[in-house]
Amino acid sequence: MIDRIQQLPILGEVWQTTLDWQPNKKQQEQFQKLYEEIIIGNRQFNLTRITEPREFWEKHLWDSLAGLNGLGIANELEAGQPLYVIDIGTGAGFPGIPIAIALPFWIVTLLDSTRKKMVFLSGLITKLDLKNIQTLIGRAEEIGQNPLHRQAYDLALIRAVGEATVCAEYALPLLKIGGLAILYRGHWDEKDNLSLQLAAEKLGGKIERVTEFVTPLSQSIRHCIYLRKMLSTPPQFPRAIGIPVQKPL
């Protein structure tokens, strides 16, 4: 059945011109294996509606790594400095798995509350031979209050998980002071910016910058919002399960 799955496009020049980076042969093979396993797993777990090869490349692989573009992927590769990263609400493993493939010296934790999907991802990680990634089953509200995880990460990633203010409440408590949260968004405007800035201040953070970019194949507008953790998050945050969504900051 795997033989029927199409090959992902290589698009090395697009990687290079847009992100100043491109996968090596091993990483390209891992991306292909990731695609094949997601397509197979989709039949049982409904992981993603994005299954066409070029769309998968753009919306899952390229988009995941585009969030790091402001950090300079090429520079990070040269520096070789390990960072502790958490992908909140990882779903089918994005953006965490592509980032773990691209930056093998980073330590990536995939967080999600759906046990079946996380069991699938644990098996997928083994098949991809990724030693720098682990899974964590739980709700962000609980994990953010857990001493083992609170203020434990350098980088928090959160993609397609609710309102931006909710994402900030999930992400900032998990970061060390000086750490960075990256919120992957589609539409973004000044009203969004104002509400997020007010919420971030309550959580000990601030908006460092907002980056708009255009995806290379479909020419879609995307945004990444970068929140810097400036101070310790007050102990009442994150609030109890469900409250951040019901009563956003």
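Residues that are under 17 Å from residue 232 (Cβ atoms) and in contact with a Phe, Trp or Tyr (Cβ under 7 Å, 6 or more places away or on another chain) within region 139-153 comprise 144, 152, 153, listed in sequence order.
For region 81-98, name all the residues that are crowded, with 24+ Cβ neighbours inside 10 Å, under 22 Å from residue 178 (Cα atoms) and aliphatic (A, V, I, L, M). If the condition is that a residue be crowded, with 24+ Cβ neighbours inside 10 Å, under 22 Å from residue 178 (Cα atoms) and aliphatic (A, V, I, L, M), then 85, 86, 88 are the ones that fit. Taking region 1-57 and the helices (runs of 4 or more DSSP H) fully enclosed by it, the elements with 1 or more residues that are closer than 17 Å to residue 95 by Cα and open to solvent by 30 Å² or more (accessible area, probe 1.4 Å) are at 25-45, 53-56.
Restricting attention to region 166-181, the residues that are open to solvent by 10 Å² or more (accessible area, probe 1.4 Å) and over 19 Å from residue 64 (Cβ atoms) add up to 3. In this entry, residue 187 passes the filter for residues that are within 18 Å of the chain's Cα centre (by Cα), within 22 Å of residue 87 (Cα to Cα), in contact (Cβ under 8 Å) with a residue 12 or more places away in the chain and surrounded by fewer than 17 Cβ atoms within 10 Å (Cβ to Cβ). Scanning region 236-249 for residues that are open to solvent by 70 Å² or more (accessible area, probe 1.4 Å) and of a type in the set (A, V, I, L, M, F, W, C) returns 241, 245. Would region 221-235 turn up any residue that is closer than 20 Å to residue 142 by Cα, open to solvent by less than 20 Å² (accessible area, probe 1.4 Å), modelled with pLDDT of 95 or more and in a strand (DSSP E or B)? Looking through region 221-235, at least one residue is closer than 20 Å to residue 142 by Cα, open to solvent by less than 20 Å² (accessible area, probe 1.4 Å), modelled with pLDDT of 95 or more and in a strand (DSSP E or B). Within region 157-168, residues that are more than 12 Å from residue 192 (Cα to Cα) and at pLDDT 90 or above sit with their Cβ atoms under 9 Å from residues that are surrounded by 23 or more Cβ atoms within 10 Å (Cβ to Cβ) and among the acidic types (Asp, Glu), at 6+ positions apart or across chains, in these pairs: 157/87; 158/87; 159/87. Every condition in (1) of a type outside the set (S, T, N, Q); (2) in contact (Cβ under 8 Å) with a residue 12 or more places away in the chain; (3) exposed (fewer than 13 other Cβ atoms within 10 Å of the Cβ); (4) in a loop (DSSP other than H, G, I, E, B) is met by residue 209 except one, and the failing one is (4).
The values are calculated or read from the model by the stated rules, or taken from the named source; none is laboratory data. What you see is a predicted model, and the numbers here were worked out from it, not measured in a lab. Every residue, glycine among them, receives a Cβ derived from its backbone with ideal geometry; neighbour counts consider all protein chains shown. With ligands, DNA and RNA removed, areas are computed over all heavy atoms of the protein, side chains included. Shrake-Rupley method; radii C 1.70, N 1.55, O 1.52, S 1.80 Å.
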